[in-house]
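Trainee: Here you go, one structure.
The values are calculated or read from the model by the stated rules, or taken from the named source; none is laboratory data. Bear in mind the structure is a predicted one, so any value in this text is a computation, not a measurement. Please note: Cβ atoms are built from the backbone with ideal geometry, for glycine as well, and neighbour counts cover all protein chains shown.
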Amino acid sequence: MTSILILNGPNLNLLGTRQPEIYGHTTLADVEEMCRKHGKSRGIDIACAQSNHEGALVTAIQEARGTHDGIVFNAGAYTHTSIALMDAIKGAEAKVVELHLSNVHAREEFRHRSFISPVAIGVIAGFGAQGYILAIDALAAHLGVA
């Protein structure tokens, strides 16, 4: 069975309460449940992880190799700062879809630069929690899962 890791970075544990005008009212638990249900409907196993710590995210990416077929990755603010995460994706040869709840290109200038994009197979941004479903479907298509 195809397996996808939904990996969330810093502050995403605060979804639903942190800046709901930008990120919405859906909680991380809601997102994870939505992803699991969608994966099940497609015959895809979904695992979820979140950390506020860059090193833990690096470890999760490395440990995904040989366990998961791909990663939907919302790196949060680390998207714009972390060469370590970029290197982990390259080193693990991970198939990653970069995800953002908000349209980062309509926000502050510093959010326009991503260290994840150059090593991702694609980017989904601006669709709120629905972006996770779009990312799962895009990754599944890339993996050749019907």
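Conditions (1) among the hydrophobic types (A, V, I, L, M, F, W, C); (2) surrounded by 14 or more Cβ atoms within 10 Å (Cβ to Cβ), marked per residue:
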residue	(1), (2)
59	no, yes
66	no, no
79	no, yes
86	yes, yes
100	no, yes
110	yes, no
144	no, no
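Trainee: I want to confirm something. Restricting to region 112-132 and keeping residues that are touching a residue at least 60 places away in the same chain (Cβ under 8 Å) and crowded, with 19+ Cβ neighbours inside 10 Å, which single residue is nearest to residue 20 (Cα to Cα)?
Mentor: 129
Trainee: A further question on this structure: Is one or more of the residues making up region 10-21 β-branched (Val, Ile, Thr), within 19 Å of residue 126 (Cβ to Cβ) and surrounded by fewer than 18 Cβ atoms within 10 Å (Cβ to Cβ)?
Mentor: no
Trainee: Still on this structure, I have one more. Test of understanding: among 87, 69, which residue is of a type in the set (Asp, Glu), over 16 Å from residue 5 (Cα atoms) and out of contact with any Gly (no Cβ under 7 Å at 6 or more places or on another chain)?
Mentor: It is 87.
Trainee: Same structure, new question: Over 14 Å from residue 2 (Cβ atoms), modelled with pLDDT under 95 and either of a type outside the set (Ser, Thr, Tyr) or assigned to a helix (DSSP H, G or I) (or both): does that describe residue 146?
Mentor: no
Trainee: Here's another thing I want to ask about it. Considering only residues that are out of contact with any Cys (no Cβ under 9 Å at 6 or more places or on another chain) and within 17 Å of residue 98 (Cβ to Cβ), which ones fall in region 1-50?
Mentor: The answer is 9, 10, 11, 12, 23, 49, 50.
Trainee: Just to be sure before I move on: is residue 17 out of contact with any helix residue (DSSP H, G or I) (no Cβ under 6 Å at 6 or more places or on another chain) and over 15 Å from residue 129 (Cβ atoms) in the structure I sent?
Mentor: no
Trainee: Collect the residues in region 93-143 that are part of a loop (DSSP other than H, G, I, E, B), within 19 Å of residue 61 (Cβ to Cβ) and polar (S, T, N, Q), keeping them in residue-number order.
Mentor: 114, the sole residue that qualifies.
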